[in-house]
Amino acid sequence: MRKYFAALRKEWLLLIRDKAGLALLFIMPLVLIVISSLMQEFGWSSVTKDPMIPILFVDNDMDSLGINIKKGFISSQSFDVIEKINNIPVTEATAKAAVARGDYLIAIVVPKGTTKTIRSNVRVMVAKTLAGFGMFDPALLDNIKLKDTVNVTVYFDPTVKRAFKNALISSIKANNYKVETEMIFRSFNQELSIQMPAYQPPNVSYHEVLQFREEYPSFRKRELIPNTVQHNVPAWTIFAMFFIVIPFTQSLIREREEGSLFRLGTMPVPYMNLVMAKVGMYLFVCLLQTVFMLLGGMLLLPVFGLPMLDLGSDFIALVLMTLMVAMAAVGYGLMVGTISKTHQQAAAFGSISVIILSAMGGLWVPIYLMPPFMKTVSQLSPMNWAISGYYNIFLRGGSIVNILPEVFRLFIFFLMTILVSSIYRKIKSPFNA
Amino acid sequence: MPDSPIIQIRDLTKVYKGAEEPAIKGLSLDIFRHEIFGLLGPNGAGKTTTISILCGLFKPTMGHVTIDGLDIHADIKEIKQIIGVVPQDIALYPTLTARENLTFFGNMYGLHGKPLREKINHFLSEFGLEKHSGKLIAKYSGGMKRRVNLIAGLLHDPKVIFLDEPTVGIDVQSRVEILNYLKKINQEGTTIIYTSHYMEEAENLCTRVAIIDQGSIISLGNPKGLVAEHPEFKNLESIFIHLTGKEMRDWT
């Protein structure tokens, strides 16, 4: 045991003197968390508390539709409706130019007479309907034609995503339907009052029956609001933990290449003792990384105006999950370091494989956005199991029971990496550089 | 002739996987206590393979080896406790200080605490390194690194020490210091097995030498005796060239 602790101390000294390695392990992922959270706050948080998206609005209609569309955008609390730039009212031409320059992402132009056209068409349709009751002479109505459709023009910056475009157009259409419905209702009442003087229009206004209520079901009673921080902190922490593949493999290979391992091979100390000291030290580093990242999520991110990380309600589940991810990451580092022959091989394969596994595992792009084939493939990445486990704790308020499948998978992965490393070591002497 | 054999090698053969020729072919040799034994040969002759087997790094394909009566297969842990190895490469951690390196390697031999500290202080003082013991190895000169490399193999007072070209690439002062120290510990009872390409150094230092080539011993004896046996050659180097040929051996 004394030899193990001596080897552990040596690993510690080597690690703390590797300033570049420390920056790679601690500073880089924290910077990534801050940058990614700030960048994604716009897109990701659209499901919760939106930042106001500036939208240029040109209302040439100045009637019901234009007013209702504007009212709809304002009441959604998602859009900052801008009708003037530098105190000058926006026109279609200036709006189009502003979007073309990239100053604004979206501009909406409601043309003059839009409501009038809708109203006119509604009246015709109502009259034609009432003609069926003998209230109008159908022969007279035959000569009245419906007016052509009118176009509400929406100018989009090319970077605006399709899903967002669809949502915006749906919102405009919804306002249009509301206006049209009200017009039809009003028109019927008006015509019935003219045709049947005894008719008393009801004093009611149309209201939407169907309402939507948003909830985020979780394992605990307190509601958790998903946000970029709840995703980015665990995602980049997992990435950082797996990125120890670089310093870990470098440490293994350097020892081999510089001859220290040759010397150690001639000493009365088992190879497994030395390797386990490395594993122990890097496990400690992973746990330290997690503490560092979580503290960053709780203390640093709010400084940048981002939400504070919510650690969930089960601390033991968090510790267990972190330990399993750390073991999987260290096991992976050991396997890559054992199999790689040179620094270059380990650095190239290690970093690229971690990037692939993280992208595949949903650390960069949420799994639900992936095509079906990729969704299946993503299940193979240990980082997917890791992020799923953290989601269960951070977003769904899960406890140990809820993370057991992920814990089991990660532990099996760790055992597999140790097994592969041991078999490879048996085949090839570790003291043979 | 010195005392009883401390190392007995019988019919030692090593064939690497995929190799057509064995690296060592039925090598048999006795090395006696208190000897400074030189293992000489061109590149690829089998010196490093022989030493690696004696140190327990490789398993032989065939043959039998005992060190101080301990069997290389059955008692390798005990053997590792009584041997010291000084590799040709500077097998130290560059980002640790000399003292940290020596403490770690001492710990690996089971040494701890005050006895280890005293031992390290003694060796650092002996080799003129005590003032630099807190410096990182990366900042040491080549000669200083060689001296620490040697100390790391001596910390546990081994009965047998294997030295693989311990003086390669260093200044004359460091070389003299190292060779003098080796003579001193040999007189105190340590058996030394030494490989080198410096024939003159081997001729002056070794009590016996074996010239090996293509995995077999082609000459064995006292350096002065070998020179006497070949009066047509003036020194060990000429005999070596005569026996192993003039062609380059760049492969290992």
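The values are calculated or read from the model by the stated rules, or taken from the named source; none is laboratory data. Not measured: the values here are computed from a predicted model. Note: ideal-geometry Cβ built from the backbone for every residue, glycine included; neighbour counts use all protein chains shown.
Numbers below:
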{"quantity": "Matching residues, segment A:355-404, being without any contact (Cβ under 8 Å) to a residue 12 or more places away in the chain and either among the basic types (Lys, Arg) or over 20 Å from A:Val229 (Cβ atoms) (or both)", "calculated": "A:Ile355, A:Ile356, A:Ala359, A:Met370, A:Pro371, A:Pro372, A:Phe373, A:Lys375, A:Thr376, A:Gln379, A:Val401, A:Leu404"}
{"quantity": "Pairs where the first residue, in segment A:160-184, is farther than 17 Å from A:Ile74 by Cα and part of a helix (DSSP H, G or I) and the second is modelled with pLDDT of 80 or more and among the aromatic types (Phe, Trp, Tyr), C-beta under 7 Å, 6+ apart", "calculated": "A:Lys165/A:Phe156"}
{"quantity": "Hey, A:Lys96 in the same structural domain as A:Ala167 (by TED's automatic domain parsing) and in contact with a strand residue (DSSP E or B) (Cβ under 7 Å, 6 or more places away or on another chain) or not", "calculated": "yes"}
{"quantity": "Filter result (among the small types (Gly, Ala, Ser) and under 26 Å from B:Gly245 (Cβ atoms)) within segment B:33-66", "calculated": "B:Gly38, B:Gly41, B:Gly44, B:Ala45, B:Gly46, B:Ser52"}
{"quantity": "Qualifying residue in segment A:129-149 (condition: modelled with pLDDT of 80 or more, within 39 Å of the chain's Cα centre (by Cα) and surrounded by fewer than 18 Cβ atoms within 10 Å (Cβ to Cβ))", "calculated": "no"}
{"quantity": "Tally of residues being at the interface with chain B (Cβ under 7 Å from one of its Cβ atoms) and in a helix (DSSP H, G or I) across segment A:254-273", "calculated": "5"}
{"quantity": "Pick from segment B:91-126, criterion polar (S, T, N, Q) and more than 7 Å from chain A (Cβ to nearest Cβ), ranking: farthest from B:Ile151 (Cα to Cα)", "calculated": "B:Thr97"}
{"quantity": "Residue match in segment B:34-51 (condition: of a type in the set (A, V, I, L, M), touching a residue at least 12 places away in the same chain (Cβ under 8 Å), under 30 Å from A:Ala277 (Cα atoms) and within 14 Å of another protein chain (Cβ to nearest Cβ))", "calculated": "yes"}
{"quantity": "Candidates A:Met321, A:Met308 - the one that is over 30 Å from A:Lys428 (Cβ atoms) and surrounded by fewer than 16 Cβ atoms within 10 Å (Cβ to Cβ)", "calculated": "A:Met308"}
{"quantity": "Residue check, B:Lys47 modelled with pLDDT under 90, basic (Lys, Arg) and touching a Ser or Thr at 6+ places or on another chain (Cβ under 6 Å)", "calculated": "yes"}
{"quantity": "Looking only at segment A:1-25, and only at residues there that are over 17 Å from A:Arg263 (Cα atoms) and among the aromatic types (Phe, Trp, Tyr), the one that is nearest to the other protein chains (Cβ to nearest Cβ)", "calculated": "A:Phe5"}
{"quantity": "Condition met for A:Met276 (assigned to a loop (DSSP other than H, G, I, E, B) and either more than 14 Å from chain B (Cβ to nearest Cβ) or under 30 Å from B:Ile76 (Cβ atoms) (or both))", "calculated": "no"}
{"quantity": "Subset of segment B:69-87 [assigned to a loop (DSSP other than H, G, I, E, B), crowded, with 18+ Cβ neighbours inside 10 Å and either facing chain A (nearest Cβ under 9 Å) or over 19 Å from the mean Cα position of the chain (by Cα) (or both)]", "calculated": "B:Pro87"}
{"quantity": "Any chance A:Ala167 is within 28 Å of the chain's Cα centre (by Cα) and assigned by TED's automatic domain parsing to the domain that holds A:Lys84", "calculated": "yes"}
{"quantity": "Elements of type strands (runs of 3 or more DSSP E) in segment B:155-252, at least 3 residues being within 26 Å of B:Glu20 (Cα to Cα) and among the charged types (D, E, K, R)", "calculated": "none"}
